[in-house]
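Asks: Just dropping this structure here.
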Amino acid sequence: MTAGVHDSITVHHLCCSVHDCTKPLPNQKLFFCHTHHNLLKKCYIFGCENKAKPGFRTCTIPSHRNFQHEVSEQHTAMFQLHSRLR
């Protein structure tokens, strides 16, 4: 990933989520390039080989599902407002 900062906004070139893969994404909403698209069906917790359930990026292990929930909540406006308030 290459990044630049302009007026406190980070602008970056989106690429595949696989480490050192420089292939472009088919569109901005995807995580993997065409070569690695099969990884979307695998739990994204490092070291877990279980399959991800439809609608989730993790398997059904409670700690993995909680991690995904926490990560997605960190990107909400309310979470960011609470952190600024603190």
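The values are calculated or read from the model by the stated rules, or taken from the named source; none is laboratory data. The shown structure was predicted, so the numbers you read here are calculated from the model rather than taken from an experiment. Heads up, the Cβs are rebuilt from the backbone with ideal geometry, glycines too, and the neighbour counts pull from every protein chain shown.
Asks: Please go through the stretch 45-86 and give me each residue that is more than 13 Å from the chain's Cα centre (by Cα), surrounded by 11 or more Cβ atoms within 10 Å (Cβ to Cβ) and among the small types (Gly, Ala, Ser), ordered by number.
Replies: Of everything in the stretch 45-86, just one residue is more than 13 Å from the chain's Cα centre (by Cα), surrounded by 11 or more Cβ atoms within 10 Å (Cβ to Cβ) and among the small types (Gly, Ala, Ser), namely ALA52.
Asks: Which one is modelled with the lowest pLDDT, of the residues in the stretch 8-52 that are in a loop (DSSP other than H, G, I, E, B) and among the basic types (Lys, Arg)?
Replies: The qualifying residue modelled with the lowest pLDDT is LYS29.
Asks: Those residues that are assigned to a loop (DSSP other than H, G, I, E, B), of a type in the set (Lys, Arg) and farther than 16 Å from SER17 by Cβ, I need them from the stretch 53-77; list them, please.
Replies: LYS53 - this is the single residue of the stretch 53-77 that is assigned to a loop (DSSP other than H, G, I, E, B), of a type in the set (Lys, Arg) and farther than 16 Å from SER17 by Cβ.
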